[in-house]
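Asks: First the structure, which I've put down as structure tokens, then a few questions once you've had a look.
FYI, it's all coordinate maths here, none of it is from the lab. Quantities reported herein were computed from a predicted structural model and do not represent experimental measurements. Cβ atoms come from the backbone with ideal geometry, glycine included; neighbour counts cover every protein chain shown.
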Amino acid sequence: MPKLVARTSPDVEVATDEILETLLVDSGAAGKLPTNEHKLLKHLGLEQLSFDFAEELSFLSTPQKPPGELRAALHLGERVVATQSGLGKKRTRFSIFHEIAHCVLPEHHTKFFVDTDQTLSFWTKVRMEREANQFAADLLFQGKSFSERALSLGTSLNSIVELAPEYGASFEASFRRYAESHIAPCALIVYERVSQNDESFVEDENFRVHYMVASPSFRRLYFSGIGMSSATCKASEIYGKESYRVGQIIEKELAVDSEDKEKFKFETEVFGNGYKVFQFLKRSVTRSNG
């Protein structure tokens with residue numbers, strides 16, 4: 001008789017999907033955009049409060065302040081979700097969704113969670129924080145709703161610029177969701193400003209690659225990460241124009257050399273929001289060996 005091996009990962013994934021769907025349906029938030037955080041909180045018996053954490057740490061009764069700026073906290077015993085006062089609406093909503101995830105996900109049995117910019121980042125290395133961030137994104141985008149609607153539209157950032165406000169999501173979160181869940185081979189490169197001293201978007205401002213996300217088929221066909229030969233580049237080098245208006249989408253070809261000397265060229269769209277530049281690799285033009 002062959003040896004049997006039990007596999008638990010698929011069951012965990014299915015359970016998470018079921019938790020998400022049940023929460024959205026039972027709270028009355030399913031299919032209504034943007035996802036209503038107040039309905040979710042009420043359904044779970046959670047009260048949401050806003051604090052200046054720097055002044056209210058005594059309320060949190062934490063043994064020590066965690067690294068990074070405090071943004072949100074969950075106290076399951078008191079059934080309280082607290083968020084940092086002064087956060088923008090989108091960041092506050094995502095923080096609430098993150099704490100709701102801690103409340104409903106299996107294995108997240110800790111009675112008290114304190115979250116910072118680091119734990120709320122998609123690049124956190126803490127497993128439970130990654131799970132909470134993923135579940136929060138699923139709440140924000142109503143499971144597969146966003147991706148399915150986006151796929152019914154043209155393969156373009158224009159589609160996402162139109163959809164993002166309906167979901168109450170930032171352009172960055174929406175672009176990322178679009179690229180990583182797309183069935184076609186596409187990718188998103190995100191450039192960040194080296195200097196964040198002011199809010200103006202200047203053509204000669206220095207940028208560097210912050211990260212890249214890609215669809216599964218893009219990773220199989222081309223590559224999963226990217227870097228620049230120099231430490232920084234000018235914004236005008238990315239979008240290829242001497243003048244640029246924030247919110248404008250520009251079409252531009254991008255050449256990429258791989259470490260094994262293979263050369264790629266892609267049709268791309270470039271979008272800037274005043275803080276970051278997003279380059280969407282939507283179609284391969286050429287591919288050759290050097």
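Asks: Taking the highest mean first, how do the peptides 132-140, 263-271 order by number of other beta carbon atoms within 10 angstrom per residue?
Replies: By packing density, highest mean first, the sequence is 132-140, 263-271.
Asks: Within segment 183-289, how many lysine pairs that are 8 or more places apart, or on different chains, have C-alpha atoms less than 15 Å apart?
Replies: Going through segment 183-289 pair by pair, I get 5.
Asks: Moving to a separate point now. Less than 13 Å apart at the alpha-carbon level, and either on another chain or at least 8 residues along: which aspartates and glutamates does that give for residue 89?
Replies: Hits, sequence-local ones excluded: 37.
Asks: Can I ask one more? Given segment 183-289 reduced to its alpha-carbon atoms as identical point scatterers, what log10 I(q)/I(0) does the Debye formula return at q = 0.13, 0.20, 0.21 Å⁻¹?
Replies: Summing over Cα pairs of segment 183-289 leads to -0.47, -1.05, -1.14.
Asks: Using the charge dipole of segment 183-289 (Lys, Arg: +1 at Cβ; Asp, Glu: -1 at Cβ; taken about the Cα centre), state which of 216, 206, 285 has its Cα farthest towards the positive end.
Replies: Final value for the positive-end residue is 216.
Asks: If I model a spin label as a point 7 Å beyond the Cα along the Cα-Cβ vector, how far apart are those points for residue 255 and residue 49 in nm?
Replies: Placing both labels 7 Å beyond Cα along the Cβ direction yields 6.0 nm.
Asks: For the pair residue 229 and residue 79, what calculated FRET efficiency results from E = 1/(1 + (r/R0)^6), where r is the Cβ-Cβ distance and R0 = 51 Å, to the nearest 0.05?
Replies: After rounding to 0.05, the efficiency reads 0.45.
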